[in-house]
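Down below is the structure, laid out as structure tokens.
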């Protein structure tokens, strides 16, 4: 119980008390508190556990840099995981739970692990649990690791919101420099967005003494905010600019009370980075104990929240900022001592178990204390500069990587540019922005001396708090030759925790430099990537999801299908009738009825891409495997379209309406890709020829009538197609309307595809179904169609073919042997790979073990000298409708030559036997087409 | 998110575009007599340049196929150029 609250001061409202729970214990605070300030004021010290050693940890920082304390926050029914308690405003009634500790931070079950710390250095898990198999150990290790706990019973979180915004300039960081820059830009006539990840604007002015333009910091801030408002600047607090992406895009995530986060996408003319700098800790034995805070965080808790870090405080700094912290603590009544490490005295070690109780200095002196505030210098927050491609230079005087001028389009100001005093930062503004007057501040001095972790340091000296990386781990990495900064990171996990090493990366690479005789710039930094801080996935997703992510295409006849009791399902992006019954038994019944009498199905999604013009025939000869130019007007021809690699891309019937007008009937799920393929080759190969391509699929509805009674149905429906032979097409009438009829069959039975303008679909459907019912048939769904086509060995591309399938594998050799014209993919079909005799080929399969239907996906297995290997797999499997047994199709090695052989199939631990047959189970002579 | 410029529609977000391969990867003439090596190179070998690249892209909303020069390092993208005509 060390930290305490002063009776007055700070920006909290003592008339508005609030309370929340932390690991079940009640914590009191006031409006204006952050969770961190209220927790600190409560005297709680152990608020979290480190990731690996389960060390007790307290608050270190006061903002986004916080490495130690993360909590799952449940508020008003919503659960927010892995929140930094330092950045969130305390809310009455919130329930917080420390991340990565069970049951709580104080009582963590695995806190014994730290006793074995010296046996588990970097790489311990990888080295130890490799044998016999990492996967044996993975579950229990994973259970110990991890951070926030997802509540599986919780309904989906709030849907994220997104906004595209337009402005001239985005200024990141609403500290004094960012505010001054925003004012200069806005008063110069630009539209400006100014964002800050804190709860209110002001940055360092909220906690540090400053005199600007003769005013004290608070007064200057108040008038500056009024001027910002007058100038129309959009000021966003609790908003983190977390990423700069290609072509000048900057992304912001705004946290909002009681609402989902708002994700901003802005492409401004200028990005101005004034995000300040982050204070580094100091290296000494047990520098991770609760009660050891960043000095600037200590100052922030004191000035903003009236919380004093301790009664007896040791301040240790390697730079000028320690003085102000010392004065502030003494003014607040604490007993405070400043160790200025520049004068040669340093802290060697800290004492204490659950919190710091004293320090021992390099002079041998021991000081009892209940808090230590450390400042190891400042690391500029250059992330957005680096993300946008900017380079860094090492500033040996400031001991910081600063942006190389001109190396990115991001304008860097203030602490980001290594200007750690206001006077210096303001003085650089006019030149950086190309604008006139900047504010003036009193000159201050900032001198810093090295205080890097050193090789051979005694005790346990933490570098990365969150991931428990110590000096010894970096030394181990050196011994094992992981000396590149990227290897160091991955081997020790330095900087790979959720804080991304904001307080630790530089010390790690400074130590590696010292170990390997290199300077810090020679060691270099790892790559900076977005996001700067964790961003909820809901923000990235925004309102996209479900139907908005993947909108389903709807049939013109959906209302008719639903009225008829259809069960609808998605097929290739279209919502189509699965069947019209109460359960799946309807599928076989519909298929059998279509074989016996007639079935009517909605074939509207079938592709209908029109290719028109004088040169259309020549063009189609090129894009099809089959010769299409010899097709007579009014006739149809089945064919394949290949990729240039010779793989079957799509199949379907080409219709030639007249000399210069074709319709490509591609698979319903391939319309977009076939359309794009046609356009690409037209524009690339035939740019000045007369070819027009138009996708008529969306404006056309197609109803197919199939079965022995198909012609009778057409006659009843008043559609004249009696003279039409198989594989022919023509125009006829539906009442006074134009109707195109193509006699092609995907079922093996006499079939008519009837196409009309989309708005006439209900008329056609109702007429056809009524006529079919009068003939003893009726509507059928897609699953019944799948049975009918499989019985005939008619393939579905992508189901009965894969990314290796050439047309010869499907039994189509003739075009390759006979076609004269060149075509897409031709040369690939004569490559040795395509001509291999042991290719997987389309076959029919019949169960040879009396066990019923073969499972789709079952692999044919061949055992050779005890070794098993796959010889292909089952692609489609159905209960027959026109035949009284199960049938299946598959792609099996050398399948075409093996009809009559039996093979073994393996599937999910079961073994089946199947007989290979020709891929046509019904009416191989095609007599039913004219039945 | 990059902004590409279709010669037909102007600047649009990259998600509307589909990559069509390297420009200048011409289809070998000669049909069945093209040596297998040449055909395999046409199918599979790419320069994957670091820096300046000339590429074919399709704007999937208007289906315009065009040539775009861009820099794979700086991610700079020049406005797309309409295809020139018969090669």
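No value in this document is a laboratory result; all are computed from the given coordinates. Owing to the predicted nature of the structure, the values given are computational and were not obtained by experimental measurement. As a convention, Cβ positions derive from the backbone with ideal geometry for all residues, glycine included, and neighbour counts pool all protein chains shown.
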* Translational D (Stokes-Einstein, µm²/s) of region A:452-523 at 37 °C and 0.692 mPa s when Rh comes from the Kirkwood sum over C-alpha pairs? -> 283 µm²/s
* **Enclosed volume per residue, in Å³, of the convex hull spanned by Cα atoms of region A:529-585** => 136 Å³
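What ranking, highest mean first, results for peptides A:573-582, A:528-537, A:731-740, A:492-501 when packing means the other Cβ atoms within 10 Å averaged over each residue?
Numbers: A:573-582: 19.4, A:528-537: 17.1, A:731-740: 13.6, A:492-501: 23.0.
Top of the packing list down: A:492-501, A:573-582, A:528-537, A:731-740.
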* Roughly how large, in nm² to one decimal, is the mean projection of the convex hull of the alpha-carbon atoms in region A:602-697? -> 5.6 nm²
* Across peptide A:677-685, what mean number of C-beta atoms from other chains lies inside 10 Å of a residue's C-beta? -> 4
* Just need the Rg to Rh number for region A:792-875, please, alpha carbons only, Kirkwood Rh. => 1.04
* Structure fact -> Packing-ranked peptide list from A:129-135, A:210-216, A:616-622, A:593-599, highest mean Cβ count within 10 angstrom first, is A:593-599, A:616-622, A:210-216, A:129-135
* Normalise the Debye intensity by I(0) for region A:19-58, one equal point scatterer per Cα, no solvent, then take log10 at q = 0.21, 0.29, 0.32 Å⁻¹ and round to two decimals. => -0.65, -0.98, -1.08
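Listed highest first by mean packing, meaning other Cβ atoms within 10 Å per residue, what order do A:602-608, A:431-437 come in? Please list the in-between numbers first.
On the way: A:602-608: 23.0, A:431-437: 13.9.
Those peptides, ordered most packed to least, come out A:602-608, A:431-437.
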* Counting only other chains, what is the mean number of Cβ atoms within 10 angstrom of the Cβ of each residue in peptide A:235-247? -> 2
* Net length gained if the chain between residue A:544 and residue A:481 were fully extended (0.36 nm per residue, minus Cα distance) -> 18.1 nm
* Asked: For region A:319-376, what is the Kirkwood hydrodynamic radius in Å, using each pair of distinct C-alpha atoms?
  -> 12.1 Å
* Helix-only CD estimate at 222 nm, as mean residue ellipticity for chain A, using -39500 (n - 2.57) per DSSP H run (n ≥ 4) -> -6500 deg cm²/dmol
* **For region A:520-663, the spread of Cα positions along each principal axis, largest first, Å** => 80, 49, 24
* Convex hull of region A:13-108 built on C-alpha atoms - directionally averaged projected area, nm² -> 5.6 nm²
* Asked: For region A:343-436, which semi-axes, largest first and in whole Å, follow from the square roots of 5 times the eigenvalues of its Cα gyration tensor?
  -> 38, 14, 12
* **Stokes-Einstein translational diffusion, region A:99-196 - Kirkwood Rh over all Cα pairs, 0.890 mPa s, 25 °C, in µm²/s** => 128 µm²/s
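So what's the convex hull volume per residue for the Cα atoms of region A:586-641, in Å³?
Numbers: hull volume 7.7 nm³, N = 56.
About 138 Å³ per residue, rounded to a whole number.
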* Using 0.36 nm per residue, how much length does the chain from residue A:696 to residue A:813 gain when fully extended, once their Cα-Cα distance is taken away? -> 39.0 nm
* Once the Cα gyration tensor of region A:837-930 is diagonalised, semi-axes √(5λ) in Å -> 24, 16, 10
* Structure fact -> The relative contact order of region A:609-695, taking Cα pairs under 8 Å that sit 6 or more residues apart, comes to a percentage of 38 percent
* Structure fact -> Using alpha-carbon coordinates alone, the radius of gyration and Dmax of region A:669-812 in Å work out to 17.7, 54
* Structure fact -> region A:276-385 -> Rg/Rh from Cα coords, Kirkwood Rh, value 0.96
* **region A:452-523: relative contact order in percent, alpha carbon pairs under 8 Å with at least 6 residues between** => 34 percent
* Distances over 20 Å make up what percent of all Cα-Cα pairs in region A:259-326? -> 49 percent
* **Distance histogram for region A:507-562 (every C-alpha pair counted, 5 angstrom bins, percent rounded to whole numbers)** => 4, 13, 10, 8, 9, 8, 7, 7, 6, 7, 5, 3, 2, 4, 4, 1
* Asked: residue A:265 versus residue A:107, label points 7 Å from Cα toward the beta carbon: distance in nm?
  -> 4.8 nm
* Asked: Over the Cα atoms of region A:771-834, what is the Rg over Rh ratio if Rh follows Kirkwood?
  -> 1.20
* Kirkwood-Stokes translational diffusion coefficient of the protein assembly as shown, alpha-carbon pairs, 25 °C, 0.890 mPa s, µm²/s -> 72 µm²/s
* Asked: Relative contact order (percent) for chain A, with alpha-carbon contacts under 8 angstrom and 6 or more residues of separation?
  -> 8 percent
* To do: Run the quick spin-label model on residue A:351 and residue A:226: label points 7 Å from Cα toward the beta carbon, then report their separation in nm to one decimal.
  => 5.5 nm
